[in-house]
Structures are given as structure tokens and as C-alpha cells.
Amino acid sequence: MDRIALVTGAAKGIGKAIAQTLAKEGIAVAMLDIDQHSVTNAAEDMCKAGLKALPVNIDLSDSAQIRAAVDKVVSELGWPDTIVNNAGLALGTPLRMYLKANGIRYLLSI
């Protein structure tokens with residue numbers, strides 16, 4: 001049976017490195033990220049290297065998008081054996097300033 005992993009925040013940085021490491025171990029990787037361009041490029045680069053990667057553009061704060069992403073992953077790869085929840089926010093501002101402006105709900109929804 002093929003192993004399948006789902007990695008959030010997989011377009012860049014730590015998430016991309018995790019996805020690459022898993023794929024090099026022979027695991028098919030669903031790469032989820034809000035940055036469609038970057039996640040598509042990252043997955044394409046991995047596929048060109050002979051690895052199995054599926055890019056999925058998603059806003060993880062939207063439950064309808066989560067359901068659609070899971071349906072896509074299951075349809076194209078199968079049920080994930082592993083989920084790496086790496087997504088987060090790069091605020092570019094102190095957390096207290098962000099929370100004053102936006103509240104904590106969006107931050108916690110990711």
C-alpha cells in the first residue's frame with residue numbers, strides 16, 4: 001500500500017522541507033498552502049525530481065475549502081496516513097498589535 005502524507009503550509013520554508021523529506025522517503029505528499037503560485041511551483045519541482053507531490057491551494061480558515069481539499073487529496077492520492085499541521089501566519093507585526101486589529105479567531109482558525 002502506498003503511503004500518503006498531507007502537509008499544510010507546504011509552499012515554503014519548513015513545510016516545503018517537510019514535504020520534500022517525506023517525498024524522498026517514497027511517500028506521496030499533498031502540499032496544502034494559501035499561496036497558489038508557490039505551492040504549485042514547489043510541487044512541480046518535486047515532480048520533476050521524480051517525487052510524487054500534489055499541490056492544493058487552500059485557505060485553512062475556510063471549512064468548505066478544507067472539505068474540498070480533503071476530497072481532492074482522497075480522489076487523487078488516497079486517504080492520508082500522516083498529517084503535518086505546519087501552517088501558520090507570518091504577521092510582520094507584533095502579535096499584540098495583530099490581535100488588537102483582528103482578534104484571535106482568525107489566528108486560531110488556521
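Could you please find all residues in region 24-46 being hydrophobic (A, V, I, L, M, F, W, C) and either within 19 Å of Val70 (Cα to Cα) or surrounded by fewer than 14 Cβ atoms within 10 Å (Cβ to Cβ) (or both)? The answer is Ile27, Ala28, Val29, Ala30, Met31, Leu32, Ile34, Val39, Ala43.
Could you give every pair whose Cβ atoms fall below 7 Å, whose first residue belongs to region 70-88 and is farther than 18 Å from Ile18 by Cα, and whose second residue is charged (D, E, K, R) and loosely packed, with under 13 Cβ neighbours inside 10 Å, counting only separations of at least 6 or pairs across chains? Cβ pairs passing all conditions: Gly78/Asp2.
Only the coordinates and a few stated rules stand behind these numbers; no lab work does. The shown structure was predicted, so the numbers you read here are calculated from the model rather than taken from an experiment. Quick reminder, even Gly has a Cβ in these numbers, built from the backbone with ideal geometry, and neighbours come from all protein chains shown.
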